[in-house]
Structure formats: structure tokens, C-alpha cells
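Working notes for the structure below.
The values are calculated or read from the model by the stated rules, or taken from the named source; none is laboratory data. Note that this is a predicted model, so its numbers are computed, not measured. With ideal geometry, Cβ positions are generated from the backbone for all residues, glycine too; neighbour counts draw on all protein chains shown. Remember, those area values only see protein heavy atoms, side chains included, never the ligands or the DNA or RNA. Shrake-Rupley method; radii C 1.70, N 1.55, O 1.52, S 1.80 Å.
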Number of protein chains: 2
Amino acid sequence: MYTHPEEVVMTQHVVFDVDLHRLKITDTFLGQYQRLVRDVVIPYQWDALNDRIADTEPSHAIENFRIAAGQQAGEFYGMVFQDSDVAKWLEAVAWSLCQKPDAELEHIADGVIELVAAAQCEDGYLNTWFTVKAPEQRWSNLAECHELYCAGHMIEAGVAFFQATGKRRLLDVVCRLADHIDHVFGPGEHQLQGYPGHPEIELALMRLFDVTQEPRYRELTHFFVTQRGQSPHYYDEEYEKRGKTSYWNTYGPAWMVKDKAYSQAHLPLVEQNQATGHAVRFVYLMTGVAHLARLSEDETLRQSCLRLWQDMAQRQMYITGGIGSQSSGEAFSSDYDLPNDTVYAESCASIGLMMFARRMVEMEADSQYGDVMERALYNTVLGGMALDGKHFFYVNPLEVQPKAVPFNHVYDHIKPVRQRWFGCACCPPNIARLLTSLGHYIYTPRSDALYVNLYVGNEAELVAGAVGLRLRLSGNYPWDEQVTLSVLSPEPVTHTLALRLPDWCPSPSVTLNGQPVQGDVVRGYLHLQRTWREGDTLCLTLPMPVRRVYGNPLVRHQAGKVALQRGPVVYCLEEADNGAQLHNLWLPENAVPRLLNGTASLAHKVLLQAEGLRYQANQPEKQALWRYDAHPATPVPHTLTFIPWFAWANRGEGEMRVWVNEAPGPA
Amino acid sequence: MYTHPEEVVMTQHVVFDVDLHRLKITDTFLGQYQRLVRDVVIPYQWDALNDRIADTEPSHAIENFRIAAGQQAGEFYGMVFQDSDVAKWLEAVAWSLCQKPDAELEHIADGVIELVAAAQCEDGYLNTWFTVKAPEQRWSNLAECHELYCAGHMIEAGVAFFQATGKRRLLDVVCRLADHIDHVFGPGEHQLQGYPGHPEIELALMRLFDVTQEPRYRELTHFFVTQRGQSPHYYDEEYEKRGKTSYWNTYGPAWMVKDKAYSQAHLPLVEQNQATGHAVRFVYLMTGVAHLARLSEDETLRQSCLRLWQDMAQRQMYITGGIGSQSSGEAFSSDYDLPNDTVYAESCASIGLMMFARRMVEMEADSQYGDVMERALYNTVLGGMALDGKHFFYVNPLEVQPKAVPFNHVYDHIKPVRQRWFGCACCPPNIARLLTSLGHYIYTPRSDALYVNLYVGNEAELVAGAVGLRLRLSGNYPWDEQVTLSVLSPEPVTHTLALRLPDWCPSPSVTLNGQPVQGDVVRGYLHLQRTWREGDTLCLTLPMPVRRVYGNPLVRHQAGKVALQRGPVVYCLEEADNGAQLHNLWLPENAVPRLLNGTASLAHKVLLQAEGLRYQANQPEKQALWRYDAHPATPVPHTLTFIPWFAWANRGEGEMRVWVNEAPGPA
């Protein structure tokens, strides 16, 4: 294969949204997750939203809407952003209906939409917290109160429901809401020059623009993005104006107003050089910005996206696709500061990372974005949900010693096993909507080429230039190296297919109808242009040797350690297979891991085994805290068993670690 | 030498307090610290107590006393335990006057004592916070408000001043205070059955008992100790009674009331099996308990001391003699949980550890207590103060990456360089009083033998049985292996000298007047009984090879790592000598460290050097966060320079680490 120089400048191309009706996930592995979402997660979360789950914190989210709609008496209960749980659930339902029609579910959702419509105010305003608790305080606390965030999620739901069902009911509601926001915010004298504490409205308005082509929504996004971080600071101004009241005091009074970097509002975006603050806020913001930059062909914004992506992905991301290395503020810390045990790496942040990556692929068509998208998906996002669909991780550490967790407060945020629905239930519905909308991430149909980002099995009809192209992608990803892409279109289609060559794959190869095929590799995608005919079959071989991963020497937490990865899947040691004290296990440099089929809860997953060493305490009974001159432990042969990291903590509580000791010798 | 079995049961022996007038520190190394305390720290802290130091938080401590004494108008300012800074300063002054009379300083101190006396209430009560701010709330919040703690420190000062100057003024004040407390607290119907949130009164009352021989003080200590942790819980009762007001809300309202383990009040002492909660509270409590157990020959209390010491020293202590492995609550975490970078290890806690160890030696005469005392002294306690006497560490990490500190909140408590006087200034005056009273720790004169715990150069007249014994201890500890102990008494004295054989010393030997001498080793002390005559000279040779320290295999933070120790001094790598990225340095198993004399700020200190490896990044300019299959760094020869850990951070800000990578090979 011929590789183009990486400096190729991409011209802007039209991007087409994938119609999820026309894309069926057939993937053995992820199909099971999609079914889990459909059969378990969505009904379970519906019960949760209605407070029908015993022994968990109540949600009250549906009841809040009833109260706001005047259908019921009562008080608002829950977080200031409780509405967003309903919106995310609706979005998950919408995408799920594309996969598999379900009249009963659609009927329930229609009812929820009517309820949402009923809770909307005359002027288009929609937010149950303010409507019920403090209608006079609308838009007075953008820094802290998530009004635009909740609006954004409802707009996403409205767009999704329209795309999934063709029904305009919720779309009309959210257009009225967006119009109201457009009326309230803007450069005009009687408008507010503010922008949200928690970004989300930006990416949502861009999606609304995609379906409505209403330029005001794109312009409003541009307004929000460029207002951000300007001086004098809007958060300070509104804080003064409302008499210095504050909603959050987790880290001191009005900390969210004061710590502007937490919301990426410390500087105008164009002056920001580092991924900083709350990780979810960051990726949500950048998702909207990248979408806007592409559609407005704004080179300054594009450069901000490239620059900030680079810092995040090259200096602040875990190999699991986790971002946000600290619990305090659920935030980024600094370049190369990647602790494995005190990390936050929120599930929602990795979902947001996939969203940001998707918009970057659409803009740049560079495989690095697909690589990150895949890494986040097969590791942190999948790891966020238990295999029963009812337990979730919000925080995704790469190393856990459960015995220490309850006693050392640096681990207060760490849960050694997945939890049920939470009071602050951001992650579970986010995982649900991501998994049901997976089709949006597999392909990026651009006018120049149809980009294949993920090798998730599916059958789809996609836009290929001016016409449609029907494809079937099959295989047993991420476990088997063979991926087959078959053309199903009865009519010939002339277009370019661009296949992502994953960064983890040392020697990808491809045949067309059994013959080796030539193509150009441009920015990590293999471009194959031809007239595709029914029956054409591309066989992509992505060899999946077990790869040893070594950390950048600037990352002190990985010095002397190695991690294993096969395909996009990162592996870990668990106590269940290896006994306790995982820190005493060593993987020798020359050990050759072998593949092993998992059983029970690990069935249909590839495990790894290697001959290693365990440092066994010499006198475990009466051992002091240290010993002079001689190792207090002796290495004995030990078979190390690695499991996919996303599947950890499905067999009870135990130690886990991704980065394993490896003793490097002199060169 | 013949070693007795360790199971020897010690009978109770009378212990004599060392008279600090009759003990002059002549030690080159620690003498310099004592002079620093006398010439710099005490005057500096006097300025601090009087708010004459620019650019630091005010203390206001002296002014609080003036206001309480009615000599000045104004408001109380500072912590609820601000009085204790004055008490600790007075104690440091007292011990310093023993070392070197200073009429001017004594005059100042006499003035402070008059001020303290003037601030005492008619009934003996003494506490400026309550007297000025809330006299009606006296003794209503023992859990949170440090009244008994401040009383304890003033009692210690009164005892010290009496012992140092023979003046009874402050002793009388504190006896009235103790009598008042004895009146308020006790089992009687009209008495309070409470005990302090922060222990200190216990150890102070025992010291007061030592000088006054007033049994009530010992009995009151016994009351406080045995009331602790009883049900129903006193902290809850007083909390209800005062209408649930709370002074501290660092970790939520009334957390100090609720988290009873923080104050070691979760259970009666006899039921406690683990060192837990605030580390300073723990060692202060146990200091008093050990003192009480010995003098009351209380086997139950003695067993509690042994059991809790064991847990602390064998499962929760750093090699630096630091205790308290977490910042939250400045507290112990759990057995074998010893993080190097997020540790608290407060300077005050290691001072309290020395106090606890001293009382344990007095009770048990076992060298393990002297070993810990020495370890704490030569590492964390000395490390707590800069070589200029004006900058202090409260927190003593074993690993610091200064670049990461400002951005990751798990490091909020970490200071990469020593700070000036603090608003909460517990540590500086504590270091001052410890260093000036060092003579109390060097010897433990018991009726059975005169125990020599520390090899700090000095000349002293000590109680040896019924008579006095004059000794001179000289050498160049902790740098040189020769220690000489000369008898100066003109009259022959028949008694046992018991020399601690340090745990770090592989092969101690001793000669008497140039001839090998036989002695019994009992519980780590070499016992030499004879009639000592003027001119008798014991030469103790304590070979100081550089020792490699290996962590207990249960401590995950030390796996694959080694630390260096020589004599009692623990070493570390600093960026100043070794460049940045200390995590990329490796000390090979077979490297033989050599000694090196330090220069400049490290003059007169022994440094270590060894040939090791540095993993050098192959492409530092464009390096990704990880690399597959090949190390992204190559080992190059690198000379590792180790400095005594207590002397770190005296050359500006930089990385530091104690535990260094060592690649162990298979057996």
C-alpha cells in the first residue's frame, strides 16, 4: 500500500448523517450490548425514572415533569439537571426504535413527550427545576444551573425522535425551546450575553441545525462558543447581579463561578492550549465546536479543535480511552499526570470523547480520531456497564485495591464493583443512548469517500456520493482478525471506500474478491475507489498479535510497567484469576502471551495467559514493614491470566490492575 | 555477645527523669539544630506569636491572652487551639534555658507567664478562646474544641518551666488549672464524664504527676483514658445537649463528632486493635497511656499499648518514621496502605511518635522503641525544618513531582518546598520543643539499668541506681560508626549500662578500655554491668554499610522498588542532582553505592552515589502517550546521587523520591 504524506490538507466535504433505520447492527459482540440496552437497560431506566426500583436513590424525574405541567401537586426533587435523564432516556428509546420497532415502548415515549410538551411554558421555556422552584430566577445562573445543558439534551432527544420516528411533536417542542433561547441570548441590547456552565447546548443546536437547516441555530452556537471566556466575565457579572447566591458549594461557596477553568471558561477558546477542567464539559463543548467549525469553515475554530484534541489525546488520555485523571472536579489535571488508582475517567467523559472524535473524523478524516473512538468504545464505555445491564461504573480506575478503598479518602470516588442507578444518574442513560446510536460512529459518509471507522458488524444503506450504497460488514470483532465488507447494492456505485487501518494493527492487508488490492493510505484510511458491484467482497485482515504497551517516559505512573492490548481491547489482571497482591506479579520481557477462550461471565471473550512470576513473601506470618539487603519475597513461576479490562468486576470484588510490572534489563 | 531470648518478661522498674540542666548536647550534627532553635527558631517564633513577621498569616496568640486578661480590648483571632502555640513556645524556651541560660529570654518568658496567669479565671479555668468568645460554653464541646488539649500543652509548659528554672509561677497556674479540670471531670454526679477530642491532657497530667506526685492527676488521666469510647457516647450526648452546634465542618457538619475513630473514640481502648484516625491524636493519647500503664502497673493498658504500637510500627509506618498515610483527617488509613506521594506524615505526628516511643522504652526497655525513635528523629522530625530554621514542612511525602502538585487535587496538602509560619502553626513550635528537650530521649535511666537510646553526643550526669553517673558520649553520629562513651564520675559507680544495638546495624561491637567486652543482649540492648570508674571508655562500633531496604510484599507502593539507608538516615534522589523524571532512574541490584561528602547546603552530610541507569526517551520531541512492543526509552548509564531525605528541598523546588526502581531478576 502506498502511503500519502500526512500533511495532505483536506478540503471541506459534505457529511451525511447515517440514517439509523437503514443500519442494523448484526455484530455478535456489540449486538448483545444493544439487545441488553433494549431489553434490560431501557425498561430498567424507565422504572428508575418513575421511582420503581427498590433500594436505590429516587429519581423523581418524571414526577418533576408532571408537577411542572400542573398535572400533579408536589415539590421538585433531584439535581438541578434531573430533566436531562428523561431526555437521554428518550434519545436512547428513539435510537432503539430504529433498531427494532416496539409499539408499546413508542407509546410510552409518546406519553413522555406529551408530558414534556405540557411542561413547556408559553414562551417556549422548558426546565422543571426553574418552573417548579424558581420561575423568576430563569437564566440568572448559567454558570451553575444547567438550564442550557438540560435544554441541549432535550433538543438532542427531539432531533433523535424525529429522525427515528418521523414524528415532529418533540422536534417542534425543542424548536420552540431553541427559538426561545435564541430570543433570550445574543448580542442585542436586551439579550443576555451569557453561555452555559456545562456545555451541551452547542452540540445540540448543531444537530438541530442539521435537521432543520435553520441558520439561526448555527449562529446561536457560534455566539455561545465565541462568548465563552470573554472579559469582563459573564459568570461574575450574573453572580453579582443575582446577589451572590450560589447553588453548589462542594468545594466552597460559588466555586463553580470562581473556578472558571472547570467550565473551560477561563479564557476564550482561541487562547486555550490545554484540555482542562471538568472532562465531560470539555468534550461536550468540543463536539459542538468541531461540528460548528466544519460547517462554518472557520479555520480559527478548527485550529482550536486540533490543538486541544492534541493535548487531550497525546498528553492526558489513558490507554483505556478514559479522560479526567482526578476526582476533584471530575477533571483533567495536567500533561502526563495519569495516576491509575485515583483517576476519575468518568464513563460519560469517554462517551463525550466518542462524540468529539466523531465530529473530528467528519472534519478531518484522519484515523487518529477513529482510533480514539474505538479505544473509548471497547474499553471505558463498555466497561461502564455490567454484563447484566443493571449496574454501572461512573468512575473507571485502571488499578484497584479494594481493601484500601474504604479507608483512604483518596479513593472516596472509587467503587470496586458497579453500582445500581444513582441519584446523579448521568452515566447509565448516556451509555444507553451511545450504544443504541452506535451506527453514527461506524461510518462517516462524506462526499469524498465513505469512511469506515469501526468494524462493528452491520448491514447498512449509506450515502455514497449522490446515491445509496448497501453494505454488509461482518466478522467477529474485536476478537477475530478477519473483517468482511460485502456490497449488496443491486446497482453499481462508483465511490471511494475508506477503511480505517487501526493504530494497534502492525500489518493490515486487504483483498477484493480474493485478489490483493491496491489502495492509497491517506491519514490512516485505506482509500479504495472503484465502481462497486453487488457481490464485491473486501476481506480486511487486521492481525491481532498481543501487543505490549509501554507508557511515555514522562508518565511516572507507568515507569517499569507494561500493559497488554489485543486489537482495541486493553487487558488487566484480576484477583479472581491471579490471587491477591497483583503488585507482586511480574510479566517478563520475553513472556509470550497465548490466547484463551473465556468461560462463564467471560464466555465469548478472548483472555490472555502468560508465564510470569509472583513474588511470594518468605515469611508471611511475621513480616516487618521492610527488610534490609534481601528481598522479603522470592519469585516463583506463576501463570498470569489477563481478561479484557471492560469485563472486570463482574465476578465480585477483587483487585485489578492494567499496568503490570515488567523488569526491563539494560539494552 | 550472648543474646537472651526475646520473651524475657521485664519487671517494672523506677524511671528517673533526665535533668536537662545536667545534660549538655555536644553533638556536632544535632548541636547545630539545637543552636538553630535557640538562635533562630525561638526568636522567630516569638515574633510570629506577636505578629511581627511580614507576609505570613497572623498568629494573634499573645494578643488573645492580653484580651482574655483584660489588658487590651479586641476580638479573639485564630484557631480554637491557638493558645497551644504559646504553650509550646514556652516549653521550648524552658528546655533551651537548660541548655544555655539567657536572662533576656527568661525575662520575656516570665512576662508571658504573668500574662498567662492574668488570663486564668478565678476558678482556675484557662483558655482564651472560650474566655473571650464564649465563656458560657466552657466544656460544652470536648469533641471539637481543644480545651483539654490547650490545657495539656500549658501544663507541659508549666512542668518544663519548673524543671528548667525552678520557678513555680507557671506550675502553680497549671496546678490550679488541673485542679479545676479534676473538679469538673470525674465519675461524680455533678461532674462531666467526658474526655477530649484531641488527646494531650493525658500525657500532660502524667508529667504533672511526675513532678508533683499528686495522685489525683494520675487518677484523672485514668478517668480520661477509660472513659474514652464508652457507650452511650459522650460526644453525641454533649452534641445533643448543646443543640447540635458544630465548630468544624471541613468534611460536613459535626464530622468530628460523628467520625469517632478520627479521635480514637470509636471504641474503648481495650477493644481497639488498629492505629486509626488522626495520627497526632493517636500518638499523643498513647504517650499518656503508656506513661499511665507503667506507673499504675495496669496490665490491660500495657497490652493495649503493645498491641496498638505493633499495628502502627509493623503495618502503618513509613521508613522515614512518618505516620498518617492520608491527608483527609491527617490520618492513618489501613494496614500496608502506604502511598508515597499522597501521604500526610505530619511532622507533629513523628514528634508524637518519639514521645510514645520514649514512654514505651521506659515501660518495656526494648530496642524496637529506640529504633523507631531514632528513625523518626533523623528523618521526619529533622526534615520538618529547613536548614535556615525559618521554613517548615507540615507534610512529609516520600515522593514529589512538583509539576503535578498544583493541578491534581490529591496533592492539595503537598508543598514541594518548606513554608514559613502557618495560620495553623502546630508543627514549628513542636519541632522546637522536641529539639530542645532531646536529652529526654537519649537516655532512659531506670533502676535496673541506664538505657542509652540515641547516640547523640552529650555530657550528662544521670541517675544510676542510687547515685549519679557522669558520662560523655562522643562521635560523629549519624555519619561515623564510632561512638565513644566515657565515664567522668570521680567516684566508682556500680550499675548496668544498656546500649541500644540499632536494628539497621548488622554487626555492632564494643570494647572497654581497648579490650573486647562481654555483655548480654536483652531485647536489643547490650547490658554491661560493672563498677564504672573515671576514665573507663566504651568504644561502640556501629558499622554503617549502605543498606538496601525492601518493602513488605503487602505494600503495593514499594513493589519493585528499593530505598537506601545508612545508619538511621534514609536517602532519596533529588532533581537537583539527578535531573528530572526520577521515575526513569533505576538502581541495579548489583550496584554498590559509595560515600561522598556533601557540599554547600549539604556540607558535613554523607551523600551516596551509585552507578545506575536512566531510561532516556528515544524521541522526546514527538512522543505519543504510549508505544507498542518497544520501549520508548533506552537505558543509558547514569550516576545516581542520593542525599539524606531529611535534607531535601533545601535547594529550590524539584522532584524527589525515596523508593527507587530496582529490577529484580528471577531467583
Check: Applying the selection to segment A:344-365, what residues are farther than 15 Å from A:V555 by Cβ, assigned to a loop (DSSP other than H, G, I, E, B) and touching a helix residue (DSSP H, G or I) at 6+ places or on another chain (Cβ under 8 Å)?
Finding: A:Y344, A:E346
Check: Do the conditions hold for A:D110, that is, is it assigned to a helix (DSSP H, G or I) and assigned by TED's automatic domain parsing to the domain that holds A:E238?
Finding: yes
Notebook entry, point to check: Pairs under 9 Å by beta carbon, first residue open to solvent by 30 Å² or more (accessible area, probe 1.4 Å) in segment A:585-601, partner among the basic types (K, R) and in a loop (DSSP other than H, G, I, E, B), six or more apart or different chains?
Noted result: A:N597/A:K605; A:A600/A:R651; A:S601/A:R651
Check: Of all residues in segment A:155-172 being part of a helix (DSSP H, G or I) and of a type outside the set (A, V, I, L, M), which is surrounded by the most Cβ atoms within 10 Å (Cβ to Cβ)?
Finding: A:G158
Next item on the list: Filter segment A:400-421 for residues that are over 14 Å from B:L338 (Cα atoms), of a type in the set (A, V, I, L, M, F, W, C) and buried (at least 18 other Cβ atoms within 10 Å of the Cβ) and give the result.
Entry: A:V400, A:I414, A:W421
Next item on the list: Answer yes or no: is there a residue in segment A:499-507 that is touching a His at 6+ places or on another chain (Cβ under 9 Å) and part of a loop (DSSP other than H, G, I, E, B).
Entry: no
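Residues are listed down the side, and each one gets a yes or a no for (1) among the β-branched types (V, I, T); (2) within 26 Å of the chain's Cα centre (by Cα); (3) closer than 28 Å to B:E91 by Cα:
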{"residue": "B:V184", "(1), (2), (3)": "yes, no, yes"}
{"residue": "B:P187", "(1), (2), (3)": "no, no, no"}
{"residue": "B:V211", "(1), (2), (3)": "yes, yes, yes"}
{"residue": "B:E240", "(1), (2), (3)": "no, no, no"}
{"residue": "B:N273", "(1), (2), (3)": "no, yes, no"}
{"residue": "B:V283", "(1), (2), (3)": "yes, yes, yes"}
Next item on the list: Hey, could you check segment A:633-649 for residues that are over 16 Å from A:H583 (Cβ atoms) and open to solvent by 40 Å² or more (accessible area, probe 1.4 Å) and say which is nearest to the other protein chains (Cβ to nearest Cβ)?
Entry: A:P637
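Of all residues in segment B:122-154, count the ones that are small (G, A, S), modelled with pLDDT of 95 or more and open to solvent by less than 10 Å² (accessible area, probe 1.4 Å).
Final tally of qualifying residues: 4.
With the structure loaded, tell me whether B:V381 is more than 14 Å from every other protein chain (Cβ to nearest Cβ), closer than 27 Å to B:Q34 by Cβ and crowded, with 23+ Cβ neighbours inside 10 Å or whether it fails that test. Don't jump to the end; show me each part of the working.
Details: more than 14 Å from every other protein chain (Cβ to nearest Cβ): yes; closer than 27 Å to B:Q34 by Cβ: yes; crowded, with 23+ Cβ neighbours inside 10 Å: yes.
The answer is yes for B:V381.
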Check: Which number in (1) within 20 Å of B:Q163 (Cβ to Cβ); (2) in contact with a Cys (Cβ under 9 Å, 6 or more places away or on another chain) marks the one condition that B:Y247 misses?
Finding: (1)
Check: Can you pull out the residues in segment B:618-663 that are among the aliphatic types (A, V, I, L, M) and free of Cβ contacts under 8 Å to residues at least 24 places away in the same chain?
Finding: B:A624, B:L625, B:A630, B:V636
Check: Considering only strands (runs of 3 or more DSSP E) fully contained in segment B:376-471, which possess at least 1 residues that are modelled with pLDDT under 95?
Finding: B:458-464
Margin query: Here are the criteria: (1) in a helix (DSSP H, G or I); (2) out of contact with any strand residue (DSSP E or B) (no Cβ under 7 Å at 6 or more places or on another chain). Tell me which single one B:A275 does not satisfy.
Written below: (1)
Next item on the list: Tell me which residues, restricted to segment A:603-621, are open to solvent by 30 Å² or more (accessible area, probe 1.4 Å), assigned to a strand (DSSP E or B) and more than 8 Å from every other protein chain (Cβ to nearest Cβ).
Entry: A:Q609, A:E611, A:R614
Notebook entry, point to check: Condition test on A:A94, is it in contact (Cβ under 8 Å) with a residue 60 or more places away in the chain and open to solvent by less than 20 Å² (accessible area, probe 1.4 Å)?
Noted result: yes
Check: Which one of these is open to solvent by less than 10 Å² (accessible area, probe 1.4 Å) and in the same structural domain as B:V381 (by TED's automatic domain parsing): B:H266, B:H291?
Finding: B:H291
Notebook entry, point to check: Given the conditions (1) in contact with a strand residue (DSSP E or B) (Cβ under 8 Å, 6 or more places away or on another chain); (2) within 14 Å of chain A (Cβ to nearest Cβ); (3) among the aliphatic types (A, V, I, L, M), and given that B:A580 satisfies all but one, which numbered condition is not satisfied?
Noted result: (1)
Checklist line | So B:D102, is it surrounded by 22 or more Cβ atoms within 10 Å (Cβ to Cβ), over 16 Å from B:L171 (Cα atoms) and modelled with pLDDT of 95 or more | finding: no
Notebook entry, point to check: Is it fair to say A:Q565 is at pLDDT 95 or above, farther than 30 Å from A:L488 by Cβ and crowded, with 22+ Cβ neighbours inside 10 Å?
Noted result: yes
Item checked: Given (1) open to solvent by 60 Å² or more (accessible area, probe 1.4 Å); (2) among the polar types (S, T, N, Q); (3) modelled with pLDDT of 95 or more, number of the condition A:Q518 does not satisfy -> (3)
Checklist line | Among (1) open to solvent by less than 50 Å² (accessible area, probe 1.4 Å); (2) without any contact (Cβ under 8 Å) to a residue 40 or more places away in the chain; (3) in a loop (DSSP other than H, G, I, E, B) - the single one B:C175 does not satisfy | finding: (3)
Next item on the list: Restrict the check to segment B:290-300 and report whether at least one residue is basic (K, R) and closer than 17 Å to B:G194 by Cα.
Entry: no
Checklist line | Residue among A:A624, A:A600, A:A630 that alone is modelled with pLDDT under 95 and away from chain B (no Cβ under 14 Å) | finding: A:A600
Note to self: Go through (1) within 11 Å of chain A (Cβ to nearest Cβ); (2) outside any loop (DSSP other than H, G, I, E, B); (3) open to solvent by less than 30 Å² (accessible area, probe 1.4 Å) for B:P553 and report which single condition fails.
What the structure shows: (2)
Next item on the list: For A:H190, indicate whether it is part of a helix (DSSP H, G or I) and not polar (S, T, N, Q).
Entry: no
Notebook entry, point to check: Looking only at residues in segment A:307-343 that are surrounded by fewer than 23 Cβ atoms within 10 Å (Cβ to Cβ) and out of contact with any helix residue (DSSP H, G or I) (no Cβ under 8 Å at 6 or more places or on another chain), which one is nearest to the other protein chains (Cβ to nearest Cβ)?
Noted result: A:S334
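Give the residues of segment B:531-549 that are in a strand (DSSP E or B), open to solvent by 10 Å² or more (accessible area, probe 1.4 Å) and within 11 Å of chain A (Cβ to nearest Cβ), sorted by residue number.
B:V546, B:R547, B:R548
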